[in-house]
């Protein structure tokens, strides 16, 4: 059989569609809250969580899919948001870029879901949930 072998597509799920739709609607306060929450963690904690992500990638053969999720999230970080007035668009974009790490972490946690242990999932998704829970 010719063609690419179909495997798991972490981006093509209803949960990821909902995540990225919500990402597109983040307001400035939510983005700033994500930045603050992400800065409250240590680099060692973050590296430990990503070691667990890489282990899942190796174990489940999802390394390329994890890269796709990360790249898609980073691409969306630079797009901006519809909820920010034009006069503050540069500040808003800079803040979203600063929140890029937390956004990528949340996207990976969402995409991998139960493949991650609960502590790693909650660590990666924590800034997202703390920033968005008051609105949802």
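Nothing in this text is a laboratory measurement; each read-out follows from the coordinates by a stated rule. Please read these numbers as outputs of a predicted model, since none were measured by experiment. Please note: Cβ atoms are built from the backbone with ideal geometry, for glycine as well, and neighbour counts cover all protein chains shown.
The length gained on full extension between residue 24 and residue 63, counted as 0.36 nm times the residue separation minus their Cα-Cα distance, comes to 11.5 nm.
Pairs of Cα atoms nearer than 8 Å and 6+ residues apart set the relative contact order; for the stretch 14-132 it is 42 percent.
Each 10 Å bin from zero holds the following percent of Cα-Cα pairs in the stretch 14-132: 14, 47, 31, 7, 1. Residues 123, 19, 129 in ascending order of nearby Cβ atoms (within 10 Å, fewest first): 129, 123, 19.
Residues 47, 30, 98, arranged from fewest to most other Cβ atoms within 10 angstrom of their Cβ, appear as 47, 98, 30.
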